[in-house]
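Working notes for the structure below.
The values are calculated or read from the model by the stated rules, or taken from the named source; none is laboratory data. Worth saying up front: this structure is predicted, and the values here are computed from it rather than measured. Using ideal geometry, Cβ is built from the backbone for each residue, glycine included, and neighbour counts are taken over all protein chains shown. For the accessible areas, the whole protein counts, side chains as well, though only heavy atoms, and no ligand, DNA or RNA atoms are used. Shrake-Rupley method; radii C 1.70, N 1.55, O 1.52, S 1.80 Å.
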Amino acid sequence: NLDVQLEAGTYFLTQAQSLVDIAQALTDSRNSQIVFSIIPGWRIEEVAAAIDSNRLFGFTGAEFLQVVGRGSVIDPVFAAYVGLPSGASLEGFLFPETYSLPPQITAAELRDVILEEFTTRVTPDLVSSAAAQSLSLYQAVTIASIVQRESVRTDENPLIASVYRNRLNIGMKLDADPTVQYAIGYSGGTWWPQITQADYSRVVSPYNTYLNTGLPPGPIANPSLSAIQAAINPEPSPYYFF
């Protein structure tokens, strides 16, 4: 008697399911969602790889990069809100979260869902606090992305952020290993390769904070809310080194 309980929807089925399992699944369209997670500290290429691994999306990771990468068309209201430079990618603003998405979602719609989550979670109070310190949200997220890649535990974020903010305040180079990794890019099967001391001077890039004073040109990863909060409101400390 399941025939009178079938619901219209998009269903994700497998060959391992029996006919009875399939029939029962078709009675509940609430499961007609794509569950997709962005992990804190991923760069946009890793988000794209996760899209390809999911296999439920109707678009590829490369197509997603076309709407979030450098030179893509970004909503001018969002760009103005975060201080996004012209032509910059959305690196740093793909908010880490687990999303439940409609099966028909497009690459552009996924981008919009993620950016809406960012503007919802990064509150106006945080933005105002950054502005009061002469920090644009873009700069704050750039600091947060470095903090995210340096930290192991969430509770470390405020103190790690303090060290970097203290260095910035006196014009000291950030000397942040993750910026060198970002500059190297994909190597040895990972976007975050092990680096050596020689890489500090060998990797010539505006992102290499061992060679350049101040912040890198932009975020190096997509930080969590905790890292963003820490970057804007670091724990007061006298420390310049870890």
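Side notes on the structure shown:
- Test: Pro193 is touching a strand residue (DSSP E or B) at 6+ places or on another chain (Cβ under 9 Å) and either among the acidic types (Asp, Glu) or in contact (Cβ under 8 Å) with a residue 12 or more places away in the chain (or both): yes
- Residue list for segment 210-233, filter: open to solvent by less than 60 Å² (accessible area, probe 1.4 Å), touching a residue at least 60 places away in the same chain (Cβ under 8 Å) and part of a loop (DSSP other than H, G, I, E, B): Leu215, Pro216, Gly218, Pro219, Ile220, Ala221, Asn222, Pro223, Ser224
- Among the conditions (1) farther than 30 Å from Ser32 by Cβ; (2) within 18 Å of the chain's Cα centre (by Cα), Gly69 misses just one, which is (1).
- Search result, residues across segment 1-20 that are charged (D, E, K, R) and farther than 26 Å from Ile105 by Cβ: Asp3
- If you go through segment 185-209 and keep only what is open to solvent by 40 Å² or more (accessible area, probe 1.4 Å) and not in a loop (DSSP other than H, G, I, E, B), you end up with Ser187, Thr190, Tyr200, Ser201, Arg202.
- Search result, residues across segment 169-184 that are of a type in the set (A, V, I, L, M) and either open to solvent by 50 Å² or more (accessible area, probe 1.4 Å) or part of a helix (DSSP H, G or I) (or both): Ile170, Val180, Ala183, Ile184
- Among the candidates Pro206, Pro216, Pro236, Pro223, residue that is in contact with a Phe, Trp or Tyr (Cβ under 6 Å, 6 or more places away or on another chain) and not charged (D, E, K, R): Pro216
- Residue check, Pro236 open to solvent by less than 20 Å² (accessible area, probe 1.4 Å), over 24 Å from Gly83 (Cα atoms), out of contact with any Leu (no Cβ under 6 Å at 6 or more places or on another chain) and not in a helix (DSSP H, G or I): no
- For segment 141-157, filtering for residues that are over 18 Å from Asn208 (Cα atoms) and in a helix (DSSP H, G or I) leaves 4.
- For beta carbons closer than 6 Å, sequence separation of 6+ or different chains, a first residue in segment 14-41 that is more than 30 Å from Glu117 (Cβ to Cβ) and a second that is among the hydroxyl-bearing types (Ser, Thr, Tyr) and surrounded by 16 or more Cβ atoms within 10 Å (Cβ to Cβ), there are no qualifying pairs.
- Remark: pairs (first residue in segment 107-121, more than 9 Å from Phe95 (Cα to Cα); second residue not in a helix (DSSP H, G or I); Cβ separation under 6 Å; 6+ apart in sequence or on different chains) = Ala107/Phe59.
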